[in-house]
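The values are calculated or read from the model by the stated rules, or taken from the named source; none is laboratory data. Predicted model, so just to flag it, every value in this text is computed and none were measured. All Cβ positions, glycine included, derive from the backbone under ideal geometry; neighbour counts span all protein chains shown.
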Amino acid sequence: MTDPSPLHPGPLHPATRLVHAGQARTPFGETAEALFLTSGFVYSSAEDAEATFQGSLDHYQYSRFGNPTVAMLEERLAAIEGAEACRATASGMAAVHAALLAGLRAGDRVVAARALFGSCHWIVSTLLPRFGIESVFVDGADLDQWRAALARPAKLVLLESPSNPMLEIADLRAIATLAHGAGALVVVDNVFATPLLQRPLTLGADIVVYSCTKHIDGQGRALGGAVLGRKAWIEEVLQPYLRNTGPALSPFNAWLLLKGIETLSLRLDAAGRNAERLAAFLAGEPAVARVWYPTRDDHPQAALARAQMAGGGTLVTFDLHGGKKAAFAFLNALRLIRISNNLGDTKSLVTHPATTTHYRIGAEERARLGIGDGVVRLSVGIEDEADLRHDLAGGLAAAAAGR
Ligand SMILES: *Cc1c(COP(=O)(O)O)cnc(C)c1O
């Protein structure tokens, strides 16, 4: 493939990279990214096939190993993150799974923040120990717990910040320093912040993982994931694992994600602005006991959030007086904002974590994470803020009446 007008070499701003980075045009000169919906590739001779498999010829072989459309997405994500390399996967969980399992072996020790996405928690607490890997959980916001857990050697640290659903902030720089002292690689699940609001690699993390299903697609169409990090680790540790276990991203979904990510900056601006205003609105309502939004003054780690993030993001979590009864009355009274456990969409979505996303972890673990029965997680979309506020007001009235 050729691109007769490659990007100029100067540093481009993120909003520009979202639209242009990684595009490899064919000789047809298409405007949009080409969709290579093919499982395999042909060779012009037996010699070329041999040279490709021996590594002396650069040629696509099979879409489980690599595909030109998927490669465009990988290059774009790497350019936005400022990472040396990226590999895309079929889902966010495939990315987390591969980032962990690719380099771990029996006898290793993993330290993770307790507030993890449900399936990430399952991998660390249930899957890893089956293979003789020790796992330890700590409170992500408590540096003393990290320090104690990392006083012994560890192979890997996994955390997310802001966390789901309580939007707890972990001090990425301090944790990375402790982790490196223990010999561990730091893996950050950066889904809630997105690469535009937080770049963990600049704060000391070694590997960043995404569920592209969330803000990167951002329009509720496709599952996808990504792992980003140093070239040597990606090529020598991750790539053999992906190539031989097969969590490959479909070229069609890669193409959707390429088109989705073009508008990430616009969508984040609009949804983030809505989220900040709606958090302020909710904080002033008598039916609401408490609001969490990372960069608000009343967030316990607001200073840290402002220091390591360029904005508070699109999620707002709040606690309603009246527990589950009030929360259900609230959710059922909404007309515009839909009940869904998904997030990062142009459409505003709401969920009751205690009975859905965090049901399986049990009451005791929920209590430890602060996920009360009145807690509601709102993923704010790009609708008109006045309409969203009106819908929330109707929900709050029902919650107050129903409790
Ligand atoms: C959604 C999500 C995942 C999993 O991603 P999928 O694309 O659903 O597999 C992992 N971590 C976080 C923080 C998420 O929100």
Odd one out for L57 among (1) surrounded by fewer than 20 Cβ atoms within 10 Å (Cβ to Cβ); (2) assigned to a loop (DSSP other than H, G, I, E, B); (3) out of contact with any Asp or Glu (no Cβ under 8 Å at 6 or more places or on another chain): (3)
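Can you tell me which of A226, A254, A271 is in a strand (DSSP E or B) and in contact (Cβ under 8 Å) with a residue 24 or more places away in the chain?
Within the list A226, A254, A271, the selection yields A226.
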Hits in region 347-371 - residues which are modelled with pLDDT of 95 or more, crowded, with 19+ Cβ neighbours inside 10 Å and touching a Gly at 6+ places or on another chain (Cβ under 8 Å): S348, L349, A354
Which numbered condition A184 misses (of (1) in contact (Cβ under 8 Å) with a residue 60 or more places away in the chain; (2) within 16 Å of the ligand (Cβ to nearest atom)): (2)
Subset of region 198-227 (residues that are of a type in the set (V, I, T) and either surrounded by fewer than 24 Cβ atoms within 10 Å (Cβ to Cβ) or within 8 Å of the ligand (Cβ to nearest atom) (or both)): T202, V209, T213
M72 being at pLDDT 95 or above and away from the ligand (no atom under 16 Å from the Cβ): yes
Selected residue [within 19 Å of the chain's Cα centre (by Cα) and either hydrophobic (A, V, I, L, M, F, W, C) or more than 16 Å from the ligand (Cβ to nearest atom) (or both)] from A95, A24: A95
Every residue from region 82-92 that is crowded, with 24+ Cβ neighbours inside 10 Å and within 9 Å of the ligand (Cβ to nearest atom): T89, G92
T245, sole failed condition from (1) outside the structural domain of L100 (by TED's automatic domain parsing); (2) farther than 25 Å from H215 by Cβ: (1)
Residue satisfying all of: in region 111-136; buried (at least 23 other Cβ atoms within 10 Å of the Cβ) and touching a residue at least 60 places away in the same chain (Cβ under 8 Å); nearest to the ligand (Cβ to nearest atom) among these: C120
